[in-house]
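Please read the structure below before turning to the comments.
FYI, it's all coordinate maths here, none of it is from the lab. As the structure is a computational prediction, the values presented were derived from the model and not from experiment. Don't worry about glycine lacking a Cβ; one is built from the backbone with ideal geometry, like all the others, and counts go over all protein chains shown.
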Amino acid sequence: MRIMAVCLGLLLTACSSKMTDFTILSTNNVDLRQAENLKTLPNKVEGRDSEFTFLLLPLGSRNIEAAIKDALDKTPGAVALVDGEIRKTRTWFPVPWLLYDKASYVVIGKPVVDTTQLDAVKVSD
């Protein structure tokens, strides 16, 4: 039974490493002179961009900017992320390792919302 559990554990393995921490991060132009319109939300959001490899053929590419945009898109009106980290992760089947591989960038942070954009969204609804 233990051998079976070890074999199953080896079929799907993964690793993750922190690339960096950040204080503020955005892919948008944010006018910090208008800071009174910015509000930091307490809950962290996560954005991810991945690439897959199948039989040594890469299917797509991963991009940190796309991971940031994914995180910002999860909160309406978000223009930046604060107090977060960027990680890279990899998941693969080691037996044989060339069969499947998934590499990702993961961005985690608290969203900063521009309240003037939220007002515009409410008016248009």
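How high is the FRET efficiency between Lys88 and Asn29 when r is their beta carbon distance and R₀ equals 22 Å, given to the nearest 0.05? Intermediate results must be reported in sequence, preceding the final value.
Working: r = 27 Å, r/R0 = 1.21.
Working from the Cβ atoms, E equals 0.25.
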Taking 0.36 nm per residue of separation between Asp73 and Glu51 and subtracting their Cα-Cα distance, the length gained on full extension comes to 6.0 nm
Around Ile24, which amide H atoms from residues at least 5 apart in sequence, or from another chain, sit under 5 Å from its own amide H, with H modelled in the peptide plane?
Asp83
Beyond 18 Å, how much of the Cα-Cα pair distribution for the stretch 37-124 remains, as a whole percent?
52 percent
Place a point 7 Å from the Cα of Thr116 along the Cα-to-Cβ direction; which residues of the stretch 34-53 have their backbone N under 13 Å from it?
34-39
